[in-house]
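See structure below.
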């Protein structure tokens with residue numbers, strides 16, 4: 001009886017396992033036709049979901065990068081030359097600037113076509129030619145208050161009449177795009193004139209940012225609020241598939257104008273094979289597959305298995321890829337993987353709230369805390385050593401950076417920190433209430449906070465840590481409720497002004513000067529620097545401003561991070577660029593090496 | 001029964017109202033102001049004020065609450081703050097990937113766990129029972145992340161049995177990407193479910209009617225499948241039906257690590273971004289599904305247990 005029962009159970013068990021086996025077999029049986037793609041297809045990744053393809057919302061790097069494959073701007077960056085230099089993109093040449101420096105005249109390239117799209121009803125879906133009116137329309141969209149663009153700051157208070165047009169739109173409840181603006185005119189079909197309210201060298205950088213990409217009015221009106229999911233630009237790639245949460249596919253734009261791979265670069269570019277394709281028509285790749293990886297592990301494993309062409313190195317995998325002397329590990333070298341290191345043009349920092357009655361009024365206290373902050377060990381622990389300690393606000397590679405500068409308050413020195421703390425009125429921290437530290441809730445945030453507590457604890461200063469979600473954190477900082485917090489700033493364009501404006505008093509919270517630093521002398525120099533062309537005088541001003549914030553210590557200057565990027569042997573022409581968002585047109589895959 | 005159903009449906013009104021109130025209060029207490037994130041770090045005070053006005057953040061809280069209630073009633077939650085996509089479309093787009101993963105995972109888990117539960121209940125106290133319980137405890141003790149890291153590194157990267165991650169909008173290509181996350185879901189869920197069903201079945205095995213059936217000479221399979229399983233169905237159904245509405249939420253970790261663009265990751269993104277319209281939509285949707293899931297469970301009880309009647 002028992003034997004029989006067991007026998008029955010055995011066959012029962014087989015039945016129970018059957019569904020599992022069926023699913024497993026079904027899976028392997030369907031293995032699996034892959035979508036056909038041209039051999040010269042790039043496989044790239046982004047670490048965040050894409051927020052949209054409308055250029056006026058291109059606040060985050062990754063949305064800007066994706067949309068810049070389809071949309072173009074008046075100016076761009078030279079792909080190979082360093083330091084970063086602007087080149088014409090949709091403009092025929094660099095603009096003519098009037099002698100007073102207030103009027104810029106751009107001549108557009110003729111024959112540039114928007115990509116074919118059903119929005120062009122008059123031509124049966126054929127893309128029409130880009131004209132000066134498209135430039136005016138696109139720039140006015142940035143200013144349209146109804147659209148609440150997060151890129152309005154690039155034109156705010158810069159172009160004659162644009163702020164007034166915005167105000168009028170706000171009052172009327174709608175924007176009149178046909179209304180002429182004094183500072184924004186189409187002189188003829190291919191000529192755009194921009195008049196500034198005051199002289200500014202920065203306009204040109206702004207015109208190379210994805211925010212100022214040129215869009216066709218037909219597409220905006222045809223797609224309405226869905227325009228954010230479409231890309232109808234003049235660029236080298238045409239959007240073929242758009243799933244902002246997982247995958248974006250672009251195909252070569254068959255109507256892209258003739259644009260050639262650069263034939264000049266830096267001396268080492270020739271040796272690194274970056275000029276092999278000089279003079280060839282762009283884009284070099286036929287297809288672009290961009291996959292979204294919100295987690296680092298799958299991205300890294302996909303790169304190692306050859307399914308991605310380029311990858312950053314996840315923090316936890318750094319030592320498995322890079323040796324202690326910051327070289328690529330031999331096992332990766334033997335696979336043909338290559339490493340490239342480049343500065344990120346950014347700065348990390350701990351901010352002091354200068355509007356706070358305790359920290360804002362006590363320079364010695366801020367200087368003491370700065371001296372107690374051991375940046376070298378922080379860089380080793382949290383950036384795997386891939387960063388250089390910051391001495392001031394200007395990152396290396398920008399005009400105004402002084403490589404010889406040693407910030408007297410950033411040389412880790414506990415004894416000196418204690419001296420200054422005593423001078424601040426708190427010997428050994430006695431009498432000093434715990435400082436309120438705002439932190440973002442994340443495992444990394446918690447680790448960094450604990451480390452900071454330890455460093456400040458060494459001189460007798462206690463930190464009360466308040467942990468927030470990211471929106472709460474921003475709300476706390478922008479409303480001047482925090483005392484200390486850590487932050488980072490990545491340059492919007494390669495000019496030290498973009499870093500120094502973080503200390504301009506008119507930009508105080510809720511603006512970008514969230515440490516609320518206010519120094520009339522600094523402000524005066526900052527305003528003066530805006531008026532100056534690049535040159536010795538402006539460099540001296542930048543350095544003077546940097547020395548003022550170093551002395552006043554509204555920040556503990558952290559680090560300028562380095563980008564360590566790996567790429568496969570079959571990917572050609574890869575050279576990191578912090579600002580050329582549309583640079584995928586220069587890449588190509590060597591199918592022979594890939595096989 | 002119809003009167004009962006109508007009464008239960010009417011009961012959902014205060015429940016949904018309570019849920020909306022709690023979500024609204026929680027969001028306003030701890031959610032943070034989304035304005036700063038929406039405008040970026042360059043925004044000035046004027047732009048912030050304009051955006052707050054445009055989105056109605058400057059209105060009194062009670063008006064904001066009433067417009068939320070209106071959205072709940074009309075099922076029109078507008079657009080996401082972060083992505084500016086219509087929320088109904090986001091939910092529809094995310095539902096397919098989530099359900100593609102969750103329905104087969106859930107069915108497989110349920111079939112396996114009920115079957116294993118029956119088997120180990122039958123062999124109660126023997127080595128197979130002990131071994132299964134040990135595996136169940138082990139399975140429950142390991143976090144899902146450990147399975148994911150192991151699966152991606154060994155099964156996918158080292159041994160090439162599955163793709164490391166990815167998703168395809170087309171069938172059957174999508175299947176290859178769903179297999180490993182599906183097996184991980186099953187492995188993680190099996191321990192708890194098997195133990196639960198084993199206990200439910202064992203409670204029935206000890207009942208007097210089972211002893212009577214054995215005394216009458218009924219075969220063991222007949223006792224188990226015809227009598228024990230049927231009488232164990234009430235707790236089993238409760239466990240199964242209550243989980244069904246939650247399937248729509250997907251599995252956040254699995255979706256994030258395997259690149260599946262489902263509702264789980266949409267919800268978590270919304271929480272991170274203070275994307276209140278999406279949070280409202282997802283919370284209300286799940287609350288409604290949960291209430292209906294409960295109602296469906298009660299109705300199903302009458303089908304499996306004649307002693308239950310709905311009045």
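Centre-to-centre, using Cα atoms only, segment B:139-217 and segment A:503-564 are separated by 58 Å.
Based on other C-beta atoms within 10 Å, arrange A:153, B:127 from fewest to most. Write out the running numbers ahead of the final one.
Working: A:153 24, B:127 8.
With the fewest neighbours first, A:153, B:127 line up as B:127, A:153.
Projected onto their three principal axes, the Cα atoms of the protein assembly as shown cover extents of 109, 77, 64 Å, largest first.
Based only on other Cβ atoms within 10 Å, what is the fewest-to-most ordering of A:509, A:351?
The order, fewest Cβ neighbours first, is A:509, A:351.
Peptide packing: for B:162-171, A:517-526, B:5-14, A:315-324, the average count of neighbouring Cβ atoms within 10 Å per residue gives the ranking B:162-171, A:517-526, A:315-324, B:5-14, highest mean first. Taking a ≥ b ≥ c as the square roots of the eigenvalues of the Cα gyration tensor, segment A:234-277 is oblate, since a/c reaches 1.5 or more and a/b is not larger than b/c. A crude spin-label estimate for the pair residue A:490 and residue B:21, with each label 7 Å from Cα along the Cβ direction, gives 4.5 nm.
Measuring nothing but how far apart in sequence close Cα pairs (under 8 Å, 6+ apart) lie, relative to its length, chain B scores a relative contact order of 28 percent. Put simply, chain B fits an ellipsoid with semi-axes of 43, 28, 15 Å; these come from the alpha carbon gyration tensor as the roots of five times its eigenvalues, largest first.
Averaging 1/r over each pair of different alpha-carbon atoms in segment A:351-426 and inverting the result gives 13.8 Å, the Kirkwood hydrodynamic radius. Per residue, the average separation of C-alpha pairs within less than 8 Å and at least 6 apart gives chain A a relative contact order of 18 percent. Highest GNM mean-square fluctuation among B:180, B:90, B:161, for chain B modelled with Cα contacts below 10 Å: B:161.
In the elastic network of chain B, a GNM with C-alpha springs shorter than 10 Å, the most mobile of B:121, B:82, B:49 is B:49. Cα centroid separation, segment B:13-65 to segment A:215-243: 30 Å. Helix B:263-273 and the longest principal axis of the C-alpha atoms of chain B enclose an angle of approximately 40°.
Between segment A:107-137 and segment A:152-179, the alpha-carbon centres lie 24 Å apart.
By the count of neighbouring beta-carbon atoms within 10 Å, fewest first, A:451, A:71 end up ordered A:451, A:71.
Calculated [222 nm] ellipticity per residue, helices only, for the protein assembly as shown: -13500 deg cm²/dmol; basis is -39500 (n - 2.57) per DSSP H run with n ≥ 4, divided by all residues, nearest 500.
Normalising the average separation of contacting C-alpha pairs (under 8 angstrom, six or more residues apart) by the number of residues puts the relative contact order of segment A:160-287 at 13 percent. A rounded overall shape is assigned to segment A:46-189, the ratio a/c of its alpha-carbon gyration tensor axes (a ≥ b ≥ c) being less than 1.5.
Across all directions, the shadow cast by the convex hull of segment A:307-453 built on its C-alpha atoms averages 11.9 square nanometres.
All of the numbers you see were taken from the coordinates with simple rules; none came from a lab. A quick note: this is a predicted structure, and the numbers were derived from the prediction, not measured. Note that each Cβ is placed from the backbone with ideal geometry, even for glycine, and that neighbours are counted across all protein chains shown.
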